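One structure is given here, and the rest of the page talks about it.
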Amino acid sequence: MEENTMIEVDIAHDEMDIVCERPDTLLDARMHYCPGCGHGVAHRVIMEVVAEMGIQDQTIGVAPVGCSVFAYHYMNIDMQEAAHGRACAVATGIKRVRPDKFVFTYQGDGDLAAIGTGETVHAINRGENMLIVFINNAIYGMTGGQMAPTTLIGQKSTTSPYGREVGFNGHPLKITDMIAPLPGAFYVTRTAVNTPANVRKTKKAIQKAFEYQKLNRGTCFVEVVSNCPTNWGMPPQKSNEWLSENMLPMYPLGDLKTPSKEELENA
Amino acid sequence: MGELRLMKGNEALAEAAIRAGIDAYFGYPITPQSEVLEYLTREGYNRTQTVILQAESEIASINMVYGAAGAGARVMTSSSSPGISLMMEGISYIAGAELPCLLVNVNRGGPGLGTIQPSQGDYFQSTKGGGHGDYRMIVLAPSTVQEMADFVLEGFEIAEKYRNPTLILADGALGQMMEKVELREQLDRKAREIPGWATTGKTKDRDHNIITSLFIQPEEMEQVNIRLQKKYKEIEQNETRVQTIQVEDADIVLVAYGLSARISRKAMEICREKGMKVGLIRPITLWPYPSAAVAEAAEHAKGFLAVELNAGQMVEDVRLAVNGKCPVEHYGRMGGIIMSPEEIVEKIEDLAKRVNQ
């Protein structure tokens with residue numbers, strides 16, 4: 001077996017100013033994600049919010065099946081690993097018996113919008129008082145680049161090798177648009193992690209969603225448009241550009257549903 | 001003496017669940033057990049503020065059970081055969097993540113959509129896996145409405161002791177029939193301690209709690225399996241339950257559980273009146289299977305007859321336990337038809353004739 005060839009570099013910390021630290025809601029672990037993948041950024045953003053709100057001891061997360069199946073190796077909070085597509089049902093079970101806790105799911109497009117569509121729609125329709133974080137990178141990452149429900153028309157994947165064809169594979173599923181009108185949805189927004197500005201907006205959305213959970217008024221849903229350099233077959237920087245040029249026209253950023261002033265005042 | 005009531009099996013089970021202090025029930029309607037969900041919805045929240053939720057499917061139900069159990073709640077679901085099939089993936093996850101919970105299958109005839117009439121066609125599914133991977137589920141088989149009620153708390157206690165799912169395997173007749181039932185006192189669900197492994201929010205004084213069945217390194221996965229198998233051995237040693245009736249001097253031993261055990265008992269009595277030495281072994285736990293009781297009877301019996309409402313499932317476990325010492329035969333009706341005691345008597349007489357030759 002090959003030895004770990006990573007070179008350890010001694011850094012004289014004393015002589016440097018600390019400008020950015022790992023929040024204690026993130027574990028000191030090397031992530032398994034591919035270079036340039038958006039999952040790491042999304043994990044960090046959520047965990048920063050949990051740390052800043054001081055709710056580490058009140059937060060329970062649900063990990064999906066997909067690339068982020070090991071989210072609990074990095075997030076230093078109590079977590080449950082759900083069966084593929086069932087995160088919203090698992091989270092419902094948690095939230096119903098622990099209504100005073102903050103509960104969120106972290107799911108990819110296959111998990112949330114293909115195999116788990118039923119659980120997603122019904123949890124939101126019941127207005128489960130939790131946060132659903134939906135990472136949309138238009139591909140199945142963990143299984144090696146198969147077509148996702150959100151794969152774009154013409155986009156190549158291992159199961160749409162000549163590009164997604166509407167007549168054969170159907171249209172990309174805009175599940176966020178689909179669930180936004182449900183009365184159980186309280187706050188629905190779409191952000192991205194392809195630029196520093198978008199990462200900041202994502203963090204704000206996550207923060208809002210956790211704050212709204214205190215109000216007990218329904219489901220908050222944050223779609224995060226992300227990348228998959230490996231399975232898209234391009235370097236990370238190129239993938240972020242590709243995301244802007246191809247993903248965002250289909251999945252435009254911005255709020256799909258926000259609580260009205262009255263709703264917030266009456267909460 | 002507890003409170004006496006005349007109740008349907010399904011309702012007695014639901015009442016017992018409230019009194020056992022369940023924190024949550026997640027279910028989906030399916031005949032012949034919908035009364036469980038209905039009764040709990042009517043009574044559960046009002047009396048003990050327990051969570052009773054009608055899910056969008058059995059798949060959602062079992063995963064809600066997973067979530068609630070992982071958060072340390074005393075939680076259950078119930079369904080009937082096709083619905084239990086839908087839950088199988090979730091049950092495997094629950095066993096893999098070692099979560100305690102109570103499941104109820106009010107067995108109906110199959111395969112497929114089948115019939116709503118009683119059956120014991122889910123024996124294999126209940127005792128031999130059903131879901132994927134090397135796991136076991138404790139299976140309790142009531143044969144009276146009283147046991148439908150009693151096995152609820154008992155089922156939870158075994159489940160919680162071993163962090164393993166327990167299944168009550170009943171059938172459509174037990175769910176629907178009315179009998180006198182003695183109910184135990186109400187337990188205070190809030191007095192129960194939340195287990196330390198549950199996901200309730202990571203506090204400074206402990207590492208984060210993880211509920212998972214994923215161990216991607218094969219070496220680690222094997223160790224988890226070895227630990228699970230050790231636990232299953234322990235359950236086999238400690239939790240096997242069986243009732244034996246007039247087996248000591250029996251030439252012909254009937255083996256039957258649940259509804260068919262009631263009918264077999266009547267057949268046994270008819271045979272005894274005729275002067276035939278017939279006994280009955282009634283497995284109460286179907287897993288762990290009371291193999292020792294069967295093996296012991298095989299030391300003196302001349303023949304065994306497994307009586308089941310299926311095509312011959314438990315009979316395989318009887319054969320394994322008898323281990324070739326004498327003939328083991330099966331008598332069953334399928335598709336929702338219930339046998340009469342007279343049919344069984346006929347089979348006993350036929351078997352007795354052959355083994356006495």
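The values are calculated or read from the model by the stated rules, or taken from the named source; none is laboratory data. Just so it is clear, the structure is predicted and the values come from calculations on it, not from any experiment. Virtual Cβ from ideal backbone geometry, glycine too; neighbours counted across all protein chains shown. Note: areas computed on protein heavy atoms with side chains; ligands, DNA, RNA excluded. Shrake-Rupley method; radii C 1.70, N 1.55, O 1.52, S 1.80 Å.
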Can you name every residue in the range A:201-258 that is part of a loop (DSSP other than H, G, I, E, B) and open to solvent by less than 10 Å² (accessible area, probe 1.4 Å)? A:218, A:226, A:227, A:251
Based on this model, can you work out whether residue B:42 counts as under 22 Å from residue B:177 (Cα atoms) and open to solvent by 20 Å² or more (accessible area, probe 1.4 Å)? yes
Write out, first by first residue and then by second, each pair whose Cβ atoms fall under 9 Å of each other, whose residues are 6+ apart or on separate chains, and whose first residue, in the range B:23-37, is more than 20 Å from residue B:186 (Cβ to Cβ) and open to solvent by less than 20 Å² (accessible area, probe 1.4 Å) while the second is among the basic types (Lys, Arg) and part of a strand (DSSP E or B). B:32/B:108; B:33/B:108
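Quick grid of which residues meet (1) surrounded by 15 or more Cβ atoms within 10 Å (Cβ to Cβ); (2) within 14 Å of another protein chain (Cβ to nearest Cβ); (3) of a type in the set (Phe, Trp, Tyr):
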site: B:177; (1), (2), (3): yes, no, no
site: B:181; (1), (2), (3): yes, no, no
site: B:187; (1), (2), (3): yes, no, no
site: B:193; (1), (2), (3): no, no, no
site: B:199; (1), (2), (3): yes, yes, no
site: B:202; (1), (2), (3): yes, yes, no
site: B:207; (1), (2), (3): no, yes, no
Residue by residue through the range A:44-65, note down the ones that are in a helix (DSSP H, G or I), within 14 Å of chain B (Cβ to nearest Cβ) and within 14 Å of residue A:76 (Cα to Cα). A:47, A:50, A:51, A:56, A:57, A:58
Qualifying position, being away from every other protein chain (no Cβ under 14 Å), touching a strand residue (DSSP E or B) at 6+ places or on another chain (Cβ under 9 Å) and either within 29 Å of residue A:118 (Cβ to Cβ) or open to solvent by less than 10 Å² (accessible area, probe 1.4 Å) (or both), among B:140, B:113, B:86, B:99: B:140
Do you know which of the residues in the range B:234-267 that are in a loop (DSSP other than H, G, I, E, B) and of a type in the set (S, T, N, Q) is surrounded by the most Cβ atoms within 10 Å (Cβ to Cβ)? B:240
Quick check on residue A:159: is it within 14 Å of chain B (Cβ to nearest Cβ) and without any contact (Cβ under 8 Å) to a residue 60 or more places away in the chain? no
Do we find a residue being in contact (Cβ under 8 Å) with a residue 60 or more places away in the chain and within 7 Å of chain B (Cβ to nearest Cβ) anywhere in the range A:66-81? yes
In the range B:126-133, is there at least one residue being small (Gly, Ala, Ser), surrounded by fewer than 24 Cβ atoms within 10 Å (Cβ to Cβ) and within 11 Å of another protein chain (Cβ to nearest Cβ)? yes
Residues satisfying the stated conditions in the range B:310-342, i.e. out of contact with any strand residue (DSSP E or B) (no Cβ under 6 Å at 6 or more places or on another chain) and without any contact (Cβ under 8 Å) to a residue 40 or more places away in the chain: B:316, B:320, B:321, B:323, B:324, B:325, B:333
Being of a type in the set (A, V, I, L, M) and more than 13 Å from the chain's Cα centre (by Cα) is the requirement here; does residue B:139 meet it? no
Take the range A:89-120 and flag every residue that is closer than 18 Å to residue A:173 by Cα and either within 8 Å of chain B (Cβ to nearest Cβ) or of a type in the set (S, T, N, Q) (or both). A:107, A:117, A:118, A:119, A:120
Filtered residues of the range B:62-82 (kept if crowded, with 24+ Cβ neighbours inside 10 Å, in a helix (DSSP H, G or I) and more than 7 Å from chain A (Cβ to nearest Cβ)): B:62, B:69, B:81
Residue under question is residue B:216, and the condition is that it be within 14 Å of chain A (Cβ to nearest Cβ) and touching a Ser or Thr at 6+ places or on another chain (Cβ under 7 Å); does it hold? no
